Each structure stands twice: as structure tokens, then as C-alpha cells.
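Heads up: the structure comes next, in C-alpha cells.
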Amino acid sequence: MNSFFKTFHNIWNVKELRKKIITTLSFLLVYRFGAYIPIPGINPLGISDFMDKLHAGSKGLMQILSSFTGGAFNRASILALGIMPYISASIIIQLMCIIIPHLQKLQRDGESGRKQISFITRWLTVVICLIQAPIYLVSLTQQFIPFSSISYSTVYLIDINTFYGKSLFWIIGVMVLTSGTLFTMWLGDKITDQGIGNGISLIIMSGIIARFPDAITKEIFNKLGIKNGGLIILFFEFLLWLLVILFSILIIQSVRKIPVQYVSHYKSLGLVIPKFSHKKHQYIPLKMTAAGVMPIIFSQAIMLFPLTFSNYVKNIKIKNFFHCFQDIYGLWYNMTIFIFVIIFTFFYTAITIPVNQIADDLKRSGGHIPSIKPGKETAEYIDYILSKITFPGSILLAIIAILPSIVFRIGITQNFSLFYGGTSLLIVVGVILDILQQVNIHLLNYHYDGLMMKKNGRSRYTKL
């Protein structure tokens, strides 16, 4: 325990790290405040009551969508679309980089190419917002509200039955929702530049964590209401939850190291002479889940299509078919997600790890894998190893993706079950691990600088 508090003391004593943490928390606080500001013309109390009833019948699919925005989606907030349009745009651009030669060239151009790709991604985000914002407003004005027992006056502060009121609501709504997404992107960039960790990931994590206190409170009260063995059941639930977290950490951190030998060089009389008798050993780290959480995000994005279009379909058979995939605790949804996650894990790993480029870079830098010839054979060997470790990784990711439905079936409440796996758990665990790594780097740099300053006869605290 003393070591734990000492670590916090060291973090607070590093001026640069302290400033980054305060900046990050400040920007996240601004985002959380924005999640409670409603779209102009919406009564926040009326829409909250209505959306809670709507979500109760959606069997969890809309809770997943709402969790990425920290509840802003079901409050009809100005940040209701959240960062998801930007994520969708990034995914589309990554796929286009495989097909379009010009984008492939930009990827190889280094920093300047990345800036141009980022510029294209942002404009595509605006386009996606201009599509998703009207769909969201249509859902509020035409699909959801008319079937509710809540009156228009309870939900709206303006009369949208008139042409003027409806037009004004639509124009302002689309502009505000699009601006909200762009503002969220700006916050994410500021956190990345001036704070600690990846800003976009932190914003998503803050939205997920915001729903955690309510979920865990409901779970505790639900189990305490059981007369026989409620506390024991609650204990085993939390024990299982901790085991799932440890399991997720092991999956994220698992790495297959491919040994690499580099021929070292030394300078003599101004000439670079190879010294083949001395070799420096390194390795190529290949993650078992190199695709990260993206396969689950891909899969869930596809599964959201039935929810988006089911209300517009008039055919009863097609409507019932879509309805089968709206229950995240149902058999058909989980079987489909399981298969999609495995497929997308292989697909995303293939497009994000360029084995041919790795082999070429090794050859140019004088490195080689022992017993493997440089060039084509090296690329084939890396691809072979990657395929071997990706298969079990994809299976484990698929298991994590369907864990919420499994634990829900054994008696865990709906809200808390979403934290037993899926995108929510992997994003939170991945972001926390990334932040811990960056904090450790800052602490190591701090102690290194401290030793150098102490050697010169000054205290390391004079730097602060």
C-alpha cells in the first residue's frame, strides 16, 4: 500500500506529467458536461423518460450504441452522435487505402501523407454526420415519438407539427449534431497533443465508465434483494468479473517474439566497416490480437443496420427477420457476432500488418531472421507465424464479444453484463494499459533526469 501511495506521490511531483493529467481530466470534464446539453427544442426531462422506456424494449442493442456516447445518445444531447462518425470515417479510409493507389502512396509519404489522410478523414466525418444526424432526428420525430404514450409537448419545447417549427428543428438539429461531433474530435486531438493517452480512446472510455456506477449499483441492490445467498452470489459475480478482466489483459498483452539478428557496424578512420563477427539480437513483436478491438466494433456496426432500417420496412417477414438480430442476448445475434469477429480479425490483421514491408525493411537495415533467407521467404515466414497466432486470438476475441449474453443468462443484470466483455471491456482495459505505459515512461525519464541533475550537485526538485 505504501508503494501504491508513493507512486501517486511521484506522479504528482513530476510537473510535466501533472500538467498532462490535469489537462486530460479538464477536457474530459468538458465532454461530460456537453453530454447533458440537449438539442435546441428538446425537453431534456421528457426525452430522458421516453428513451429509457424505449431502451427497455430494445433488449440491449441501443444500450451498446448509447454507451459509446456516455448516455448522450438517449438524452438527445448535442453530442448524441459522439465520436462514432469519426471512427466510421477512419474505418472507411483504412479500407480505401487498400483499393485506391493514391491513398496507398499517401500512406508511404510519411508525416505529410498522414496529414493529408487525416484531412480527408475529417471531411468524410462531416459527410457521415450529415447522413446520420437526419436519421437520428427522423427517429425522434417520426419513428419513436408517435408510438409513445408521451405527448409532443412533453418531449418538445417547440411545435414540430407546423412546417416552420419542423424545418427550424431539423436545420438547427443537423447543424448542432454535426458541430457536436467536430467538437468531440477537437477535444480528442487536444487530449492527444497536450494530455496523456489517445484522446479519441479516452473519450470513448469516459462514456463507457460513466455508465458503470449506475450498472454496479443496480447489480448490488438486485442481489441484496435475494434472501438466500445474495451476498455469496454477488461475491462470485465480482470474482468472475475480475477473472474476465485478467483474461482480457492477457489477450491484449500476449506477444509472439520473432528473433532478428542485425549486423553491427563501427567507424574506423572515417569509414563504415562491417563487423560480421559481432551481431546484435532483437525481435519482431507480433501481437496475438493485432487487430485490437476493431473486429468487435466492425461486427457491432454491421449488426446495428437492422436496428436502423427495421422501422422503415413494411414487409412483416423481413421485419421479423431483422427483429431476430436486435436482441443482443439472443442466439442468432451471438452466433453472427462470433463468426463476424473471427472473419474481421483476420481481415483487419492482414491490412494493418504489412508483412512484405517488414521483410523489405529488415533486408535494407541488414537484419534477418535466423535460418530464414531475407526477402520473400522472410515475408512468408512472418505471415505464417501471424496466421498461427491470429486464429486463437480471433477465437478468444469472439468469446469476449459474446460474454455479456452468457453472463446475462446466468442471472447478472442487463446493464452490468455489458461490462463482462465486448467492446466496452476491451476498450477500457486497452486504454488503461496504454495510460499506465505512458505514465511509466514519464516516471523513468523523471528519475533519469533527476540522477543527472544530482550528479551536477543540484536537487532534481529544482527542475519542477
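The residues of segment 86-122 that are of a type in the set (S, T, Y) and either surrounded by 12 or more Cβ atoms within 10 Å (Cβ to Cβ) or touching a helix residue (DSSP H, G or I) at 6+ places or on another chain (Cβ under 7 Å) (or both), listed by number, are Y86, S88, S90, S118, T121.
Yes/no matrix, rows are residues, columns are (1) at pLDDT 75 or above; (2) surrounded by 14 or more Cβ atoms within 10 Å (Cβ to Cβ):
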residue: F8; (1), (2): no, no
residue: I22; (1), (2): yes, no
residue: P38; (1), (2): yes, yes
residue: L61; (1), (2): no, yes
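For segment 123-133, the candidate set comprises residues that are of a type outside the set (V, I, T) and loosely packed, with under 15 Cβ neighbours inside 10 Å; within that set, the residue that is farthest from I92 (Cα to Cα) is L130.
Residue-level analysis places F344 outside the set of residues that are out of contact with any Ser or Thr (no Cβ under 8 Å at 6 or more places or on another chain), crowded, with 16+ Cβ neighbours inside 10 Å and part of a helix (DSSP H, G or I).
Across segment 180-203, the number of residues qualifying as at pLDDT 90 or above and of a type in the set (V, I, T) comes to 3.
The values are calculated or read from the model by the stated rules, or taken from the named source; none is laboratory data. Keep in mind the model is a prediction, meaning the values are calculated, not measured. Cβ: placed from backbone, ideal geometry, glycine included. Neighbour counts: every protein chain shown.
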